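Below is one structure, written out as C-alpha coordinates; the observations come after it.
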Amino acid sequence: MMFPSSTVGAGEDVDSHYACIVYDQETGGIHHVHHVVNLFGAEAPTHEEMTRRARANAPSDRGSGLTVAVVDGDQIERGKSYRVDRITKALVVEQHRTAT
(Lines give C-alpha, C1' and ligand atoms only; values in the text may rest on other atoms or scores of the structure.)
Protein backbone atom coordinates (compact mmCIF):
# COMPACT_ATOMS: atom_id res chain seq x y z
CA MET A 1 0.00 0.00 0.00
CA MET A 2 1.36 3.43 -0.95
CA PHE A 3 1.03 6.21 1.60
CA PRO A 4 0.25 9.82 0.66
CA SER A 5 1.80 12.75 2.44
CA SER A 6 -0.33 14.55 5.02
CA THR A 7 0.22 17.62 7.13
CA VAL A 8 -1.28 19.38 10.11
CA GLY A 9 -2.21 23.07 9.79
CA ALA A 10 0.59 25.61 10.02
CA GLY A 11 1.47 26.60 13.55
CA GLU A 12 0.01 23.46 15.15
CA ASP A 13 2.20 21.78 17.77
CA VAL A 14 2.09 18.03 17.29
CA ASP A 15 2.64 16.01 20.45
CA SER A 16 2.48 12.56 18.82
CA HIS A 17 1.58 10.88 15.54
CA TYR A 18 0.63 7.22 15.25
CA ALA A 19 -0.39 5.02 12.35
CA CYS A 20 -2.78 2.18 13.12
CA ILE A 21 -2.29 -0.34 10.34
CA VAL A 22 -5.06 -2.85 9.64
CA TYR A 23 -3.44 -5.81 7.91
CA ASP A 24 -3.98 -9.44 6.95
CA GLN A 25 -2.39 -11.74 9.55
CA GLU A 26 -1.55 -14.38 6.92
CA THR A 27 0.05 -12.22 4.22
CA GLY A 28 1.07 -9.01 5.98
CA GLY A 29 -0.81 -7.09 3.26
CA ILE A 30 -2.11 -3.72 4.42
CA HIS A 31 -5.84 -3.03 3.97
CA HIS A 32 -6.27 0.29 5.81
CA VAL A 33 -4.18 2.90 7.65
CA HIS A 34 -5.70 5.13 10.32
CA HIS A 35 -3.54 8.12 11.36
CA VAL A 36 -3.85 9.58 14.84
CA VAL A 37 -2.30 13.04 15.34
CA ASN A 38 -2.36 14.42 18.88
CA LEU A 39 -1.73 18.12 19.49
CA PHE A 40 -0.13 19.41 22.70
CA GLY A 41 -2.75 19.96 25.38
CA ALA A 42 -5.29 17.57 23.86
CA GLU A 43 -6.25 14.30 25.52
CA ALA A 44 -4.65 11.48 23.52
CA PRO A 45 -6.67 8.33 22.87
CA THR A 46 -5.55 5.07 24.45
CA HIS A 47 -3.96 2.30 22.40
CA GLU A 48 -7.25 0.39 22.60
CA GLU A 49 -9.25 3.40 21.36
CA MET A 50 -6.88 3.91 18.42
CA THR A 51 -7.12 0.22 17.50
CA ARG A 52 -10.93 0.24 17.75
CA ARG A 53 -11.21 3.33 15.53
CA ALA A 54 -8.86 1.84 12.94
CA ARG A 55 -10.98 -1.33 12.77
CA ALA A 56 -14.20 0.70 12.58
CA ASN A 57 -12.86 2.73 9.62
CA ALA A 58 -11.46 -0.25 7.71
CA PRO A 59 -13.52 -1.64 4.83
CA SER A 60 -15.87 -4.25 6.31
CA ASP A 61 -15.62 -6.72 3.43
CA ARG A 62 -12.03 -7.81 4.10
CA GLY A 63 -12.74 -10.85 6.26
CA SER A 64 -11.92 -11.87 9.80
CA GLY A 65 -8.17 -12.46 9.37
CA LEU A 66 -7.33 -8.80 9.93
CA THR A 67 -5.46 -7.37 12.90
CA VAL A 68 -3.99 -3.99 13.85
CA ALA A 69 -0.40 -2.88 14.42
CA VAL A 70 0.29 0.57 15.91
CA VAL A 71 3.52 2.26 14.82
CA ASP A 72 5.04 5.72 15.09
CA GLY A 73 3.60 7.74 12.22
CA ASP A 74 7.08 8.99 11.29
CA GLN A 75 7.97 5.47 10.15
CA ILE A 76 5.82 5.93 7.06
CA GLU A 77 7.61 7.69 4.23
CA ARG A 78 5.96 9.13 1.16
CA GLY A 79 6.47 7.18 -2.04
CA LYS A 80 7.20 3.84 -0.38
CA SER A 81 5.11 0.70 -0.41
CA TYR A 82 4.83 -1.36 2.78
CA ARG A 83 3.66 -4.61 4.28
CA VAL A 84 3.67 -5.72 7.93
CA ASP A 85 6.06 -8.40 9.16
CA ARG A 86 3.70 -10.96 10.69
CA ILE A 87 6.06 -11.86 13.55
CA THR A 88 7.43 -8.47 14.66
CA LYS A 89 4.45 -6.32 13.50
CA ALA A 90 7.02 -3.92 12.04
CA LEU A 91 6.61 -2.13 8.72
CA VAL A 92 8.70 -3.54 5.89
CA VAL A 93 9.38 -1.56 2.71
CA GLU A 94 8.31 -3.53 -0.36
CA GLN A 95 9.47 -1.22 -3.13
CA HIS A 96 10.57 2.32 -3.76
CA ARG A 97 8.59 4.51 -6.11
CA THR A 98 10.73 6.19 -8.73
CA ALA A 99 10.00 9.64 -10.12
CA THR A 100 9.68 10.00 -13.88
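The values are calculated or read from the model by the stated rules, or taken from the named source; none is laboratory data. Not measured: the values here are computed from a predicted model. Here the Cβ positions follow ideal geometry from the backbone for every residue, glycine too, while neighbour counts run over all protein chains shown.
Examine region 36-45 for a residue that is in contact with a strand residue (DSSP E or B) (Cβ under 9 Å, 6 or more places away or on another chain) and closer than 21 Å to Val92 by Cα, and state whether such a residue exists.
yes
Please work out if Asp24 is within 21 Å of Val92 (Cα to Cα) and either basic (Lys, Arg) or surrounded by fewer than 12 Cβ atoms within 10 Å (Cβ to Cβ) (or both).
no
State all residues of region 49-100 that are assigned to a loop (DSSP other than H, G, I, E, B), within 12 Å of the chain's Cα centre (by Cα) and either exposed (fewer than 15 other Cβ atoms within 10 Å of the Cβ) or at pLDDT 85 or above (or both); if no residue qualifies, say none.
Those that are assigned to a loop (DSSP other than H, G, I, E, B), within 12 Å of the chain's Cα centre (by Cα) and either exposed (fewer than 15 other Cβ atoms within 10 Å of the Cβ) or at pLDDT 85 or above (or both): Ala58, Ile76, Glu77, Ala90.
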